[in-house]
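Remarks on the structure that follows.
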There are 2 protein chains.
Amino acid sequence: MIQYFKYDEWNIIEENFDPSINKISESIFSIGNGYMGQRANFEEDFSGPSLKGSYIAGIYYPDKTRVGWWKNGYPEYFAKVLNSTNWIGISVKINDVILDLAKCMVKSFKRTLNMKEGYLERSFVACLPNGNEVKVVSKRFISVIRGEIGCIRYSVTPLNFEGEIEFTPYLDGSIVNEDSNYDESFWDEVSKKAELTEGYVMVKTKKLDFYICTYMTYEVTKNNKKITPNIDKYEKSKYISNTLTVDCNKNDEIVIYKYVANTSSRYYETSELVNVTKELSNKAKNDGFDKLFKEQINGWSKKWLESDVVIKGDIAAQQGIRFNIFQLNQTYTGEDATLNIGPKGFTGEKYGGCTYWDTEAYCIPFYLSTASQDVAKNLLIYRYKQLDKAIENAKKLGFNNGAALYPMVTMNGEECHNEWEITFEEIHRNGAIAYAIYNYVNYTGDKSYLEEYGLQVLISIARFWAQRVSFSNAKNKYVILGVTGPNEYENNVNNNWYTNRIATWCLEYAIEVIESVNIADPTKFDYIKEKLSFKDSEIEKWNDIIDNMYYPYNEDLDIFLQQDGYMDKEQVLVKDLDSTNIPLNQNWSWDRILRSCFIKQADVLQGLYFFEKDYDVATIKRNFEFYEPRTIHESSLSPCIHAILASKIGAHDKAYEMYLRTSRLDLDNYNNDTDDGCHITSMAGTWLSIVHGFGGLRVSNDKLILNPFIPTNWNSYSFKIIFRNTLLNISIASDSVRIENLTGTNIHLTVFNKDYTLHGNKTIIIAN
Amino acid sequence: MIQYFKYDEWNIIEENFDPSINKISESIFSIGNGYMGQRANFEEDFSGPSLKGSYIAGIYYPDKTRVGWWKNGYPEYFAKVLNSTNWIGISVKINDVILDLAKCMVKSFKRTLNMKEGYLERSFVACLPNGNEVKVVSKRFISVIRGEIGCIRYSVTPLNFEGEIEFTPYLDGSIVNEDSNYDESFWDEVSKKAELTEGYVMVKTKKLDFYICTYMTYEVTKNNKKITPNIDKYEKSKYISNTLTVDCNKNDEIVIYKYVANTSSRYYETSELVNVTKELSNKAKNDGFDKLFKEQINGWSKKWLESDVVIKGDIAAQQGIRFNIFQLNQTYTGEDATLNIGPKGFTGEKYGGCTYWDTEAYCIPFYLSTASQDVAKNLLIYRYKQLDKAIENAKKLGFNNGAALYPMVTMNGEECHNEWEITFEEIHRNGAIAYAIYNYVNYTGDKSYLEEYGLQVLISIARFWAQRVSFSNAKNKYVILGVTGPNEYENNVNNNWYTNRIATWCLEYAIEVIESVNIADPTKFDYIKEKLSFKDSEIEKWNDIIDNMYYPYNEDLDIFLQQDGYMDKEQVLVKDLDSTNIPLNQNWSWDRILRSCFIKQADVLQGLYFFEKDYDVATIKRNFEFYEPRTIHESSLSPCIHAILASKIGAHDKAYEMYLRTSRLDLDNYNNDTDDGCHITSMAGTWLSIVHGFGGLRVSNDKLILNPFIPTNWNSYSFKIIFRNTLLNISIASDSVRIENLTGTNIHLTVFNKDYTLHGNKTIIIAN
């Protein structure tokens, strides 16, 4: 662990220019607005290490799958989040020398991500090879108010010379995804036009016909006065630019304001794109940078009001949690039920496909508590819309009768990934889709969701499990063979406890919901029954599986066994591993990892987290104390579950240790892979660690429950919670819990096992 | 199963022109000489379905590996058998119309592979789009006497016209491997020259710098008289040709004789290549087609003398076994210890790398009995030479102290394959390398091999196993976790019985050989001990593993268990599978195959075959009767082992059924994949089925043992055996076994458990 950036409550600050960590910084300092996102690449040319990345939500490419040896049932393509037109580019020449920080002496470099107000700023003094010294300050943001708009204020001041500065604002659509399987470009040019002070590039994907149009306008000031320099316009394939030359004296400040709109055929008719985009870009320019920036500050202020977590007495932890909340809010805003949350958000392109079970298992609880109910609901509807594809996916694998297997990785509901050793068998994902429905209904009380959407999904998932189990004569039980559990350091195991457990839970929950929908709205139920050709005999079969499922178990230790044969492994603890082995996935060969006892992420423990109601604290404690010391946490999704369970069993120090790992995972580049992008979905886990972990927040029988504690080295912490239209601010100090109702409605809640009624706009203080 | 070709004792005959099976025929009718090989592509242009393939032994390319998700320990490259310069090409134009069978009416088409004399002949009458009818007869062979030489006699006779026939003999090095991972060409041009009546193309591989030079000479006759037509010469990238125009009348026969030499930098200095190749080609031309062809007949006659199997009363079986022996002799001749036997030989490029465990497990017994002892010895030395690489390979995977893990697939000793789900964990291959040493010494009595080479390999392999086992506290035994056994329809299983068994056998055999070498030659032993830094304490550890190895076992059935948990699978028999499911690998998704009980190829039974001395017939029978009905035989290497064991337990009908599957696997395209090439290594299995199976041949305590039976529908069968410099012809009829000693030395043998001494050049007849 290295501390790359300066601790600060509201900002991420980099104070040295170090090209060797530039790709990490580009990930960390990314900006976005749920509609698009941009890595923190430099506006000017840069020949040092960089992963240039600009991404637009929902625009993807079905790249031909790359597998070693194609086998039946493998998917045809690996959907790629598309790296698209570079819209930030402004090349700069100082007296004919290109400004390129890789070729300059760089002084006073500072990069700041202001999370409170939602912008990226960078300033430096560069001494060019010709001896000219310039000061540059660039500030940019992607508007959270105007989804399509990105703005840049790029300022250059000559410090020790006079002469000519040449600016070339440009748009460049000649982009190749870094993770293209066969180094192919995914874009074709549609049209382009460079005009004076504006221009556009429209490209479309070579498959699926996604169009995006990028339009730029700009203006230039010198010492705060608008100027109109000479302009040369230029066009080449998928590229347009203007080049303007400004004469300047020492200490003149030249500023170029670039206003860019990015639109796509997901929201507009193709024929309208150029006009719409031109209008958006020009409107931004006419409104001006300052107005747009004010909007931005207000927009973020509203977001923080509902989702901020304040930690007093631990600035690193404070920075960590705010960074995670900031990135989550930059990635998904919940207005569009065809979008989802990619594991890297808009900060990189690794993992390609957009949607993993991360959304259901980790992100939904965050959005449930920090945003309007519709945000989480849209994430559920995303899967509902893809039910037909999930049924098709199951059919391809030999299942029938409307059984649905949701994909491990997807863009449009189809399975799409290169990686088959692991993902092929991670069928537990299907359980998480069902669990998210339970979670949503439990939290919001919105049972109508089950009637309208949920039940169909639950029946189709239950049908999958009913076919996927097989009966072992040897065990006289139902078994589930050949799976990978959440612990991806195992492959093709039998009877993964978590998978077996969530499979029967899915059957139980489907039966429960069938009964409740049948009572609540028999007509609706009959409609669903007919639509799905559902037969009552299916329930009989499900009950038989529920009653006769096999769960691996170790009697000596009285623990659930991760899978058959786990105790045959050499039992070594992580603490006894020489540190040169870590991370295992970078130091050990894959076969060695597979046969070791080391666990990548919560597996049995993930089940105990989901189904904690069914287990007493002693059981959770026994399992935690066995599995946690064997867990290497090489998945970003691991520490948060451990933080929550550790909190539950009273292991507060362990909970805090786990919190630190998840909280600053990217900021401190814990797994040595932040250069690829940030671990967006696991950021929800950080929030979970505080709110479900330290705060002990649960919802049961329509009531909010809190069992908070405070880590010893914190003075206090507080978080906001929206629960059934009530916004609460919950503050925990070492001696008290203070709950402020920021809404007018009354709310009932349970704190430390005692019931309270908190009236609208009132506060209660409870001794800790 | 379809009968594509006519039954014939010595020939494979195709009598219809059917482009839809052309790629199958191209594989079946391939010719080769151990040094190079050529698929049965047409000499003239052909725009129909075809896999053009010309291969030169030992020339390969390290193609960039294509994996879905690269993991630590995966190899950097997938070595490819290289498809190289097309040397057979002769384009033909008849009155300006290209002769292309895809665009003609084809009559009287016949393609014959004459296995007795080793040539390919093809004749047809084609009616061209312009109405011209020509008769064409082409005959070609690759010399088994002159390794570098291929000859073609290509005859064209106008049947209903007079006019101009244009011939373009050419060499074309612009070849791309069909299985190139990224569709790249692997060849660069070095030089070329088209001259009158001759020319050459020299190319080199883009990596590793293998050079090959191809030189052609030719002559033309008209009605058996040499003519010298006008010639245009032509060159383009990696290509040279001559174009000659011949005026002819109806029924004139024009014959072009093409003499090609292919040489490589594996055997000559690069600077000499052109001259050497020119000389070889010109010498062939000067000696002439008839002389070369006579050499060919003699060459093959000698091969058949030592390796023929004669079956009376079953022409399909006769054709099958000769086809297999013929292809084996075309693939490997045993003079060069840096060559090995690719699974497709020279008949295709699938599976890329050249050497698999097939060589040790299936091929060595064939060559031991049908060729000089040096042939099998060279196959062993091939692995000895690669010991350092095997140690390096093990080191990459985390093993140390000189442990060696031989690769699953290799060219030069390094592991090289795309396919990692399966091959990564098939560590049992290491056992087969050791077993082959045992097999060789047992058969030949050549114990000096152990001192010179074998012991070092055995110690290094034993060291691998000693590190690869782990101790299970749960079982209080050594276990081997995370492997794939010979049955490749399982992956990452624990305690594969075969692997555990062969692992301990390797330890036992290494200890035995250590002791025997130490006694036979203590100085040599000390030398090896020092060279390998071998410590006596290693033996202690090995003995501990031998004494405490865990073997999965089912008490109820009293059988060895394929792996932990096998009995949890749904137990279905192959006979109860609806035939629409077969082959599983083309109809079921991979995950479904993995969790089914179906077995791709002998696994427990492979162990019982190798170590049959340790098990009584009742044990073998119980295991056979359990596993065979669950075996789907979708590996070409499966039926032969079953044929041998079925013979052993007296299940003669089953043995015969299995024999038929292996014998005509390619001829009848059993697994629907012969278009990719023939299954060369499994052909040795067919021979094993007859000789070790029906013939019951074994060697024990330096003595030959026979326990033959004859399938009920055969009249008789006979096979040749070389045993310690004695050549025997063993004939089995329903009432007698006739053993003819074709050599002057006496030999002791045991037939039906009775000992005999057979004097030189004598015959004994024993009642059956």
Q. Take the residues of segment A:382-431 that are free of Cβ contacts under 8 Å to residues at least 60 places away in the same chain and away from chain B (no Cβ under 14 Å): which is surrounded by the most Cβ atoms within 10 Å (Cβ to Cβ)?
A. A:TYR406
Q: From the list A:VAL483, A:VAL513, A:VAL479, pick out the single residue that is closer than 23 Å to A:ILE641 by Cβ and in the same structural domain as A:VAL604 (by TED's automatic domain parsing).
A: A:VAL483
Q: Please state which one of A:THR681, A:THR763, A:THR686, A:THR726 is farther than 19 Å from A:PHE366 by Cβ and either β-branched (Val, Ile, Thr) or free of Cβ contacts under 8 Å to residues at least 24 places away in the same chain (or both).
A: A:THR763
Q.
Show the residue pairs meeting these rules: Cβ distance below 6 Å; 6+ apart or different chains; first residue within segment A:161-181 and among the hydroxyl-bearing types (Ser, Thr, Tyr); second residue outside any loop (DSSP other than H, G, I, E, B).
A. A:THR168/A:SER91; A:THR168/A:SER241; A:THR168/A:THR243; A:TYR170/A:SER241
Q: Output the residues belonging to segment B:474-530 that are aromatic (Phe, Trp, Tyr), over 18 Å from B:LYS541 (Cα atoms) and more than 31 Å from the chain's Cα centre (by Cα).
A: B:PHE525, B:TYR527
Q | Failed item, numbered, when A:VAL144 is tested on (1) surrounded by fewer than 22 Cβ atoms within 10 Å (Cβ to Cβ); (2) in a loop (DSSP other than H, G, I, E, B); (3) not aromatic (Phe, Trp, Tyr) | A | (1)
Q: Just give me the residues in segment A:262-287 being buried (at least 17 other Cβ atoms within 10 Å of the Cβ) and among the basic types (Lys, Arg), in sequence order.
A: A:LYS278, A:LYS285
Q.
Here's a check for you: in segment B:548-580, which residue that is touching a helix residue (DSSP H, G or I) at 6+ places or on another chain (Cβ under 9 Å), more than 24 Å from A:LYS477 (Cα to Cα) and modelled with pLDDT of 95 or more is surrounded by the fewest Cβ atoms within 10 Å (Cβ to Cβ)?
A. B:LYS575
Q.
If a residue must be in a strand (DSSP E or B) and either under 27 Å from A:ASP653 (Cβ atoms) or in contact with a strand residue (DSSP E or B) (Cβ under 6 Å, 6 or more places away or on another chain) (or both), how many such residues does segment A:710-754 contain?
A. 26
Q) Are there any pairs with C-beta distances below 6 angstrom linking a residue in segment B:110-123 that is free of Cβ contacts under 8 Å to residues at least 60 places away in the same chain to a residue that is charged (D, E, K, R), with the two at least 6 apart or on different chains, and if so which? A) B:GLU121/B:LYS139; B:SER123/B:LYS110
Q | Members of segment A:95-111 found to be over 34 Å from the mean Cα position of the chain (by Cα), surrounded by fewer than 23 Cβ atoms within 10 Å (Cβ to Cβ) and not polar (S, T, N, Q), listed by number | A | A:ASP96, A:VAL97, A:ILE98, A:LYS103, A:CYS104, A:MET105, A:LYS107
Q | Residue that is of a type in the set (Val, Ile, Thr) and over 18 Å from A:ALA394 (Cβ atoms), where the choices are A:VAL483, A:VAL479 | A | A:VAL479
Q | Candidates A:GLY163, A:GLY150, A:GLY118 - the one that is more than 23 Å from the chain's Cα centre (by Cα) and away from chain B (no Cβ under 14 Å) | A | A:GLY163
Q. Restricted to segment A:486-518, and to residues that are in contact with a strand residue (DSSP E or B) (Cβ under 7 Å, 6 or more places away or on another chain) and of a type in the set (Phe, Trp, Tyr), which residue is farthest from A:ILE632 (Cα to Cα)?
A. A:TRP497
(Q) Within segment A:472-487, take every residue that is at the interface with chain B (Cβ under 7 Å from one of its Cβ atoms) and in a strand (DSSP E or B) and give me the one that is farthest from A:ASP547 (Cα to Cα). (A) A:SER472
Q.
So, in segment B:651-677, exactly how many residues are more than 30 Å from B:ILE620 (Cα to Cα) and either surrounded by 24 or more Cβ atoms within 10 Å (Cβ to Cβ) or basic (Lys, Arg) (or both)?
A. 2
Q) Mind checking which residues of segment A:321-343 are within 12 Å of A:CYS363 (Cβ to Cβ) and assigned to a loop (DSSP other than H, G, I, E, B)? A) A:TYR332, A:GLY334, A:ASN340, A:ILE341, A:GLY342, A:PRO343
Q: Identify, by number, the condition in (1) closer than 17 Å to B:THR277 by Cα; (2) more than 30 Å from the chain's Cα centre (by Cα) that B:ILE212 doesn't meet.
A: (2)
Q) If the Cβ limit is 6 Å and pairs must be 6+ apart or interchain, which residue in segment A:583-599 that is more than 9 Å from chain B (Cβ to nearest Cβ) pairs with which residue that is in a loop (DSSP other than H, G, I, E, B) and surrounded by fewer than 19 Cβ atoms within 10 Å (Cβ to Cβ)? A) A:CYS597/A:GLN571
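Yes/no per residue for (1) of a type in the set (D, E, K, R); (2) at pLDDT 95 or above; (3) under 20 Å from A:VAL137 (Cα atoms); (4) touching a Ser or Thr at 6+ places or on another chain (Cβ under 7 Å):
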{"residue": "A:VAL246", "(1), (2), (3), (4)": "no, yes, yes, no"}
{"residue": "A:SER264", "(1), (2), (3), (4)": "no, yes, no, no"}
{"residue": "A:LEU273", "(1), (2), (3), (4)": "no, yes, no, yes"}
{"residue": "A:ASN282", "(1), (2), (3), (4)": "no, yes, no, yes"}
Q: Being among the hydroxyl-bearing types (Ser, Thr, Tyr) and more than 9 Å from every other protein chain (Cβ to nearest Cβ) is the filter; apply it to segment B:446-471 and report the residue that is nearest to B:ILE539 (Cα to Cα).
A: B:SER460
Q: State whether one or more residues within segment B:556-579 are at positive phi, more than 14 Å from chain A (Cβ to nearest Cβ) and among the acidic types (Asp, Glu).
A: yes
Q. Filtering segment B:63-78 down to residues that are more than 18 Å from A:TRP70 (Cβ to Cβ) and more than 10 Å from chain A (Cβ to nearest Cβ), which residue is surrounded by the most Cβ atoms within 10 Å (Cβ to Cβ)?
A. B:PRO75
**Q.** Residues satisfying the stated conditions in segment A:381-417, i.e. in contact with a Lys or Arg (Cβ under 9 Å, 6 or more places away or on another chain), among the polar types (S, T, N, Q) and not in a loop (DSSP other than H, G, I, E, B)
**A.** A:THR410
(Q) Pull out all pairs, ordered by first then second residue, where Cβ-Cβ is under 8 Å, the residues are six or more apart or on different chains, the first lies in segment A:208-222 and is at positive phi and assigned by TED's automatic domain parsing to the domain that holds A:GLY288, and the second is surrounded by fewer than 24 Cβ atoms within 10 Å (Cβ to Cβ) and assigned to a loop (DSSP other than H, G, I, E, B). (A) A:ASP209/A:SER265
**Q.** Which listed residue, of A:SER241, A:SER237, is surrounded by fewer than 20 Cβ atoms within 10 Å (Cβ to Cβ) and in contact (Cβ under 8 Å) with a residue 60 or more places away in the chain
**A.** A:SER237
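The values are calculated or read from the model by the stated rules, or taken from the named source; none is laboratory data. Note that this is a predicted model, so its numbers are computed, not measured. Don't worry about glycine lacking a Cβ; one is built from the backbone with ideal geometry, like all the others, and counts go over all protein chains shown.
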